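Novice: Here it is, the structure in full.
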Amino acid sequence: MGESTKGVADPIRLEGKRWDPLPDLGDDPSLNISGIACRIEPDGSRTCLVVYDEKRHAAFLTLRGKHFTDRRRIRLLDPDPSDDDDADLEAAAISGGYWWAFGSHSRKKKGTGDVVTKLRPSRRHLYRFPVGKVGPVDFALDTDDRADAVEVVSDLFDRLALPADLHARLEAPIPLREGGVNIEGGTVIDGRMVLGFRAASVAEPRTADGALVVVCEAEAVFGTGAIAAEVHDLRLGPGMGVRGLVPAGKSFAEGFLVLAGASLPDDHDDPAMTEKQPSTIWFWNGTSGAAPIRLGVLDDVPKDGKPEALLVLDADAAGWRILVLCDGVAGGAPAEYRVRVPPP
């Protein structure tokens, strides 16, 4: 069997092959990568939607071989003189003729009082917009205003049909550094949206072994009524949450690869979490009650890097070739890994 969440004496080490950094993102680590999704073009290149932790836009880049080029900006959140908060985009997907982008729905990480506990409306959005017939989209890029084709949902937590205690936890005024809610994994496949939470966990306290994943119908999210939802508890290790989540294949039934990392930021003040845990890759088959299988630990992550973006480059019967990008390092420090299929 594959590795379980506990008692693993000798985990599989995944050695990465470093690629060139992503271009034109600036030197500020806050501009680094939190999500990526790509369309394969007829010439073998990939058109990739890349989202950041900061700013109010995302970017399209072209991936040829191991090099990203041709950055174009797409405005997702209009400028607002009364609101200087960022969109805090954490994940991207392409499915069903749409590009998708996911806001964190989180509060602030640093500060005191109302600074960190108040709602941040700019972060509580999900976005989708049609895939272009030739280019990334069929509307103008590099504009200062959001295109009409970009649909925005701002009431996800209000409409998700969740148990009352879990709904209360998602709406609790808790900052990030204390385990407040934060969506960092998001994807869409076969008409179903899968949301992976870095925090808050299903199990309590925060150091407990239980990361929250919510599955719902994607079209319902962009409707107006209540959204039926499945709640899953992924055992990714004590104090670990979802940092990235992508389909493992071309259908929901083929499962998912999950990038796991610490649920709390490095500057947390929780005395129960003194040891920094490495980032890990897991396989989850997408069904209720199924334990995820740990596939390996990411080696050679840059000192300040926080692996957050996950992309499947290709797959075969033996496993997957994946790309992992980091927040906290200029250019994302992209690294390629080979991950093996878990034994039956």
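The values are calculated or read from the model by the stated rules, or taken from the named source; none is laboratory data. All of these numbers come straight from a predicted model, not from anything done at the bench. Quick reminder, even Gly has a Cβ in these numbers, built from the backbone with ideal geometry, and neighbours come from all protein chains shown.
Novice: For the structure I just gave you, tell me whether Ala203 is under 30 Å from Cys326 (Cβ atoms), out of contact with any Ser or Thr (no Cβ under 7 Å at 6 or more places or on another chain) and at pLDDT below 95.
Specialist: Against the criterion (under 30 Å from Cys326 (Cβ atoms), out of contact with any Ser or Thr (no Cβ under 7 Å at 6 or more places or on another chain) and at pLDDT below 95), Ala203 qualifies.
Novice: Pairs only if they're at least six apart or on different chains, beta carbon under 9 angstrom, first in segment 143-163 and farther than 30 Å from Phe60 by Cα, second at pLDDT below 95 and of a type in the set (S, T, N, Q); list them, first residue then second.
Specialist: Arg159/Thr224
Novice: I want to confirm something. Restricting to segment 59-87 and keeping residues that are closer than 22 Å to Gly135 by Cβ and of a type in the set (Lys, Arg), which single residue is surrounded by the most Cβ atoms within 10 Å (Cβ to Cβ)?
Specialist: Arg75
Novice: Okay, next question. Output the residue which, of all residues in segment 107-134 that are touching a residue at least 12 places away in the same chain (Cβ under 8 Å) and of a type in the set (Gly, Ala, Ser), is surrounded by the most Cβ atoms within 10 Å (Cβ to Cβ).
Specialist: The qualifying residue surrounded by the most Cβ atoms within 10 Å (Cβ to Cβ) is Ser122.
Novice: Ok, one more. Going through segment 129-141 one residue at a time, which ones are closer than 17 Å to Ala101 by Cβ and within 25 Å of the chain's Cα centre (by Cα)?
Specialist: Phe129, Pro130, Val131, Gly132, Pro136, Val137, Leu141
Novice: Filter segment 173-196 down to residues that are among the acidic types (Asp, Glu) and at pLDDT 95 or above and give me whichever is nearest to the chain's Cα centre (by Cα).
Specialist: Glu184
Novice: Give Tyr52, Tyr98 a once-over and let me know the one that is closer than 26 Å to Pro278 by Cβ, at pLDDT 80 or above, in contact with a strand residue (DSSP E or B) (Cβ under 7 Å, 6 or more places away or on another chain) and of a type in the set (Phe, Trp, Tyr).
Specialist: The unique qualifying residue is Tyr52.
Novice: Could you please find all residues in segment 28-67 being of a type in the set (S, T, N, Q), under 25 Å from Pro121 (Cα atoms) and in a strand (DSSP E or B)?
Specialist: Result: Ser34, single match.
Novice: Please verify whether segment 217-234 includes one or more residues that are under 15 Å from Ser95 (Cα atoms), more than 17 Å from the chain's Cα centre (by Cα) and of a type in the set (S, T, N, Q).
Specialist: no
Novice: Moving on to the next point. Sort through Ala199, Ala248, Ala226, Ala211 and tell me the only one that's crowded, with 20+ Cβ neighbours inside 10 Å, in contact (Cβ under 8 Å) with a residue 40 or more places away in the chain and touching a helix residue (DSSP H, G or I) at 6+ places or on another chain (Cβ under 7 Å).
Specialist: Working: Ala199 fails: touching a helix residue (DSSP H, G or I) at 6+ places or on another chain (Cβ under 7 Å); Ala226 fails: crowded, with 20+ Cβ neighbours inside 10 Å; Ala211 fails: touching a helix residue (DSSP H, G or I) at 6+ places or on another chain (Cβ under 7 Å).
Every option except Ala248 fails the conditions.
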